[in-house]
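Notes follow the structure.
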Amino acid sequence: MPKSSLFPKNIKNASVHFIGIGGIGMSALAQWFLAQNWAVSGSDVSESPITQKLAKMGVKVKIGHKKDNLPNKTSLVVFNQAIPKENPEYEETICRKISIKSYPEIIGELTKKYKTISISGAHGKSSSTALASLSAIEANLDPTVIVGTLLKEFSSGAGNFRPGKSEWLILEADEFGRAFLNYFPFATLITNIDKEHLDTYKDLSDIKKTFLKFFNNILPDGILVLNKDNKNLRSLSFEIKKLVSIKELNLFWYSLNSPAARKIKKILQVKGRHNLSNATGVFTLLKAVGLKEQDILAGFKKYSGCWRRFELKGKIFEADVIDDYAHHPEEIKATLEMAREIYPKGKISVVFQPHHQGRLTSLFSEFTKAFKNADNVFILDTYKVAGREKEKKEEKQLRSASDLALAVKAKYIKNPSSLPSLLKDAGNKKGNVIIMMGAGNINLFTEKLINGA
């Protein structure tokens with residue numbers, strides 16, 4: 001593996017600018033540079049709690065994109081993968097011949113600098129990274145952490161980054177845009193493989209092949225931990241066995257049927273089979289790395305969940321209101337199964353905001369089967385993802401939120417301001433739950449719902 005030459009030993013006057021600094025990954029990386037004493041600036045299309053926190057930490061944040069946002073003495077520019085090359089700051093960077101790298105390229109350089117534990121998979125990455133981080137901290141590993149969610153334990157920053165003083169980096173490794181192919185971990189956990197990010201990948205076969213390429217990036221004599229309960233991972237057993245032999249990797253499979261899972265279930269605070277599976281994978285990973293079982297379990301005991309992962313936000317009328325990030329059919333099913341476990345006698349109402357029209361279209365059949373555990377379903381308009389919504393000639397074939405509402409016999413809500421009156425019946429009994437679900441800006445509607453009720 002080549003060594004990183006991107007980060008100079010003498011960082012005096014080093015300055016980095018982020019195009020799209022408000023993103024969950026970009027903001028974490030910005031904090032890493034800030035911790036290394038770089039001057040940090042950045043821009044985004046709108047203000048958010050994250051950009052506000054960054055500004056308080058000393059980052060020069062600009063709202064809106066224009067070429068004048070770039071400081072005169074910028075050493076490096078980092079851009080979000082969704083940023084188009086027509087972006088005025090991107091164009092200005094090229095014009096001024098400033099070094100420019102994408103987010104995954106910079107993260108890749110960090111994986112050369114640190115001994116990296118990465119966590120990847122279609123679902124469960126953030127929760128698993130959070131669990132691994134808390135256990136590693138409990139074991140005095142003192143890791144640097146970059147995670148795609150907000151943790152109250154990391155409240156001294158924006159919540160998605162922890163500066164450590166050791167050689168260890170714990171990293172959430174995303175497969176979107178094939179980002180993780182830039183990374184070179186010592187140890188990696190794969191929670192599952194599923195049909196996801198089909199605006200990046202042709203099909204499931206393409207996704208599987210790309211994960212195999214990622215496995216090839218693991219350092220020789222490194223660690224690979226895989227979910228035996230996931231059929232898509234099991235289908236790659238032959239190829240994985242061959243790769244493990246060539247690379248001399250240490251391979252570990254984990255399962256919910258293991259004694260470890262039964263032990264973890266007794267101490268894990270969060271409910272749901274998917275959370276138990278994630279914790280079992282992290283347990284297997286950290287034991288393979290060399291952590292003591294007691295430290296791993298002590299970290300698990302401290303985990304009470306993270307931002308937008310079945311997060312209790314308050315009440316409306318008599319019902320609990322939950323904010324949840326689920327935006328893929330498998331995630332929706334897992335969240336609703338957990339809700340039924342927690343509210344066995346209550347009425348479950350879901351307000352779902354589809355995320356990315358391409359995802360809704362390519363997985364439409366799966367979406368129509370995902371809400372079976374809900375008593376009431378309300379569908380908001382699809383959240384359009386900047387930089388990922390491509391106009392297609394076959395636009396008439398694209399599926400809409402109203403199509404989904406019709407297919408699942410749900411109520412289509414064009415105007416979110418009508419939510420309080422529509423949910424009044426759903427929330428008028430103690431023991432009921434209303435789940436505000438999606439990866440877009442539905443959390444903003446959640447706040448208004450609670451505050452206005």
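A few remarks follow.
- Estimated from helical segments only, the mean residue ellipticity of the chain at 222 nm is -10000 deg cm²/dmol, where each DSSP H run of four or more residues counts as -39500 (n - 2.57).
- Each Lys or Arg adds one and each Asp or Glu takes one away; over the other residues whose Cβ falls under 9 Å from the Cβ of S43, this sums to 0.
- Overall Cα dimensions of the stretch 49-93, principal axis frame, Å, largest first: 29, 25, 16
- Amide H to amide H distances under 5 Å link G148 with E172, where only residues 5 or more positions off or on other chains count and H is placed in the peptide plane.
- When DSSP beta bridges are restricted to pairs lying wholly in the stretch 241-388, around 50% turn out antiparallel.
- Between the stretch 90-144 and the stretch 411-453, the alpha-carbon center distance in angstrom: 34
- Gap separating the Cα centres of the stretch 43-58 and the stretch 159-206, nearest whole Å: 25
- Sequentially through the stretch 428-440, phi angles give Karplus couplings (6.51, -1.76, 1.60; θ = phi - 60°) of 8, 9, 5, x, 7, 9, 10, 10, 8, 10, x, 9, x Hz, Gly and Pro residues having no value and appearing as x.
- Placing unit charges on each Cβ (+1 for Lys and Arg, -1 for Asp and Glu) gives the chain a dipole about its Cα centre, and among T200, T446, S118 the Cα reaching farthest toward its positive end belongs to S118.
- Reported to the nearest whole Å, the Cα centre-to-centre distance from the stretch 215-238 to the stretch 258-322 is 22.
- Across the stretch 262-270, coupling constants 3J(HN,Hα) worked out from phi with the 6.51/-1.76/1.60 Karplus curve, θ = phi - 60°, read 5, 5, 5, 4, 6, 10, 6, 6, 7 Hz, and Gly and Pro carry x.
- Backbone amide hydrogens, once placed in the peptide plane, bring I223 within less than 5 Å of A187, T188, N250, excluding anything fewer than 5 places away on its chain.
- Rounded FRET efficiency, nearest 0.05, which uses the C-beta distance separating E105 from K315 and R0 of 41 Å: 0.35
- Counted over the stretch 15-102, the DSSP beta bridges are approximately 0% antiparallel.
- Mean Cα-pair separation over length for the stretch 114-302, i.e. relative contact order, pairs under 8 Å, 6 or more apart, %: 26
- Among the DSSP helices (H) of the chain, those spanning at least 18 angstrom by Cα along their long axis with an average Kyte-Doolittle hydropathy of 0.0 or more are 125-138, 273-289; this is a geometric and hydropathy rule only.
- Among beta bridges identified by DSSP and lying wholly in the chain, the antiparallel ones come to about 10 percent.
- Taking a ≥ b ≥ c as the square roots of the eigenvalues of the alpha carbon gyration tensor, the stretch 114-302 is rounded, as a/c is under 1.5.
- Anisotropy class of the stretch 256-318 from Cα gyration tensor, a/c 1.5 cut: prolate
- Student exercise, the stretch 114-302 dipole from Lys, Arg, Asp, Glu Cβ charges, in Debye to nearest 20: 620
- Cα-centred dipole magnitude for the chain, charges only on beta-carbon of K, R (+1) and D, E (-1), debye, nearest 20: 500
- Tensor-based shape of the stretch 281-410 (alpha-carbon gyration tensor, a/c under 1.5 rounded, otherwise prolate or oblate): oblate
- Unit Cα scatterers, Debye sum, the stretch 175-253: log10 I(q)/I(0) for q = 0.14 Å⁻¹: -0.41
Every number here is computed from the coordinates shown, using simple stated rules; none is lab data. Small disclaimer: the values here were computed from a predicted structure and weren't measured. Don't worry about glycine lacking a Cβ; one is built from the backbone with ideal geometry, like all the others, and counts go over all protein chains shown.
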